[in-house]
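Coordinate-derived values only; no laboratory data. Since the model is a prediction, treat every value here as computed from it, not as a measurement. Quick reminder, even Gly has a Cβ in these numbers, built from the backbone with ideal geometry, and neighbours come from all protein chains shown.
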Amino acid sequence: MPVRRGIVIEDTKGDRELMLELLRSTGIAEVTGYAAFPASFDPPISDDCLIVLDLVLGAGVDGVQALEKLAAADVHQAPVMIVSGQLASMLGVVESYGQALGLNIVATIEKPIPTDAFQKVLNRLGGNKVA
C-alpha cells in the first residue's frame, strides 16, 4: 500500500526537520513532526501512514515505550521505521520486540539517515516515487 502520510517522532530538532524534508522529497505531502510521543495523533494514524520513530527520545516516553503505546492503540498495519544514532547496536533487538508486539516494523536505520533511506523503504512498500 502506498504511503500517503508521514509522522516523525524525534526529539532533536535538526534531525526531525531533516527527516521531515526527506519524507517530503519522496512525494509525501502530509508530514508531521513531534518532539516527543504525543498524547494523541491528529488525524489518527491509519494504515497508509509511515511512522518514523527515534529510539532515544529524551524525557517522557522512550522509543520502546512508544512502540508499546502504538501496539496498545491498535496501530498494527501502519509501517514503522525505527532510527537511532546513540543505540544503533540495539536496533535489531528493538525491531524484534516491535514485531513481537504485532507492529509492522519495516526498517531500522542508523543515524545519520542516508538521503535515499526513506525512498528505498517506500519503494518496497509499493509507491511514492519522486515525480
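Summary of values
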{"quantity": "Scope region 88-111; condition out of contact with any helix residue (DSSP H, G or I) (no Cβ under 8 Å at 6 or more places or on another chain) and either closer than 19 Å to Thr26 by Cβ or touching a residue at least 12 places away in the same chain (Cβ under 8 Å) (or both); matching residues", "calculated": "Ala88, Met90, Leu91, Gly92, Glu95, Asn104"}
{"quantity": "Filter pass, Asp62 being surrounded by 15 or more Cβ atoms within 10 Å (Cβ to Cβ) and either of a type in the set (A, V, I, L, M) or in contact with a Leu (Cβ under 8 Å, 6 or more places away or on another chain) (or both)", "calculated": "yes"}
{"quantity": "Listing of strands (runs of 3 or more DSSP E) fully contained in region 28-87 that carry 3 or more residues being touching a Ser or Thr at 6+ places or on another chain (Cβ under 8 Å)", "calculated": "79-84"}
{"quantity": "Among (1) in contact with an Asp or Glu (Cβ under 8 Å, 6 or more places away or on another chain); (2) more than 18 Å from Val121 (Cα to Cα); (3) among the acidic types (Asp, Glu) - the single one Asp74 does not satisfy", "calculated": "(1)"}
{"quantity": "Residue count for region 50-59, restricted to those that are in contact with a helix residue (DSSP H, G or I) (Cβ under 7 Å, 6 or more places away or on another chain) and either surrounded by fewer than 21 Cβ atoms within 10 Å (Cβ to Cβ) or over 18 Å from Thr32 (Cα atoms) (or both)", "calculated": "1"}
